[in-house]
């Protein structure tokens, strides 16, 4: 017997700002990809090194950096950062080092 854990997706302000800059079709594809995180669907990969503890979702040329945590018996997926592949990891590392990501997750 399999028990399903309810999942909730939260999109942080940095991720939402990026998503809102996209044209309609890439925005739809990205939102579909993020919705699929509830079922662990999509091109997913756990990150390593300084980004350990986070995972990424690939949707075309765009990467979504997220962290799944258990909060009061519910699985919460925090989509903390979204950007294009060439810059996403470097910029996210800088945001982590500055402490901005943890600060945004608490709000």
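Summary of values
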quantity: Mean Cα-pair separation over length for the stretch 1-103, i.e. relative contact order, pairs under 8 Å, 6 or more apart, %; calculated: 29 percent
quantity: Among 80, 88, 64: highest mean-square fluctuation, GNM of the chain, C-alpha pairs under 10 Å; calculated: 88
quantity: Structure-based [θ]222 nm, the chain - -39500 (n - 2.57) summed over DSSP H runs of at least 4, per residue, nearest 500; calculated: -12000 deg cm²/dmol
quantity: Most fluctuating residue given options 53, 33, 12, as computed from a GNM of the chain linking Cα atoms under 10 Å; calculated: 53
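We did not get these values from a lab; they are worked out from the coordinates using the rules stated. The shown structure was predicted, so the numbers you read here are calculated from the model rather than taken from an experiment.
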